[in-house]
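Visitor: Below are the C-alpha cells for one structure; questions will follow.
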Amino acid sequence: MNSEEHAADAAGSKSDRPEPTDTPPEVHAAAEAVETAKAALHEAQQCYERIREETSARLERVRETRVGDLIDGALRFVRKHPGPSVILAILAGFFLGRGLRR
C-alpha cells in the first residue's frame with residue numbers, strides 16, 4: 001500500500017465514523033446519569049468528611065472531660081432549673097426501681 005492509498009483509506013475511515021451528534025438519546029441519558037451520580041458521590045464524600053471531623057472533635061472533648069467536670073455541669077443545671085431537675089430525678093428513680101425490681 002502506498003502513501004496515497006493510506007491517505008484515502010484514512011479519509012474513508014474518518015467518514016465512516018459517526019459524528020458525535022449522531023449518538024442515540026440513551027447514551028446522552030446514561031452520560032447525564034453518570035454525571036449526576038458523580039455529583040451525588042462527591043456530595044456524600046464531603047458530608048462524610050464533615051461528619052467524621054465533627055465526631056472526632058466531639059470524641060476528643062469527651063476524652064478530655066473529667067468526672068468532676070460532669071458533676072459540676074450537672075450541679076449548674078440543677079441550680080438553673082430546679083423544677084425540671086426534680087422531675088427528672090423522680091422519673092429516673094421510678095424507672096430505675098422498676099428495672100431493678102424484675
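Visitor: Please say if region 63-102 is rounded, prolate or oblate, where rounded means a/c under 1.5 for a ≥ b ≥ c the square roots of the C-alpha gyration tensor eigenvalues, and otherwise the choice is prolate for a/b larger than b/c and oblate otherwise?
Guide: Cα axes put region 63-102 in the oblate bin.
Visitor: Suppose R0 equals 35 Å. What FRET efficiency, 1/(1 + (r/R0)^6) with r the Cβ-Cβ distance, do ARG61 and ALA89 give to the nearest 0.05?
Guide: Once the sixth-power term is evaluated, E becomes 0.85.
Throughout, read-outs are computed from the coordinates displayed, never taken from laboratory work. Predicted, not measured: the structure shown is a model, and the values here were computed from it. All Cβ positions, even for glycine, are placed from backbone atoms using ideal geometry, and neighbour counts span all protein chains on display.
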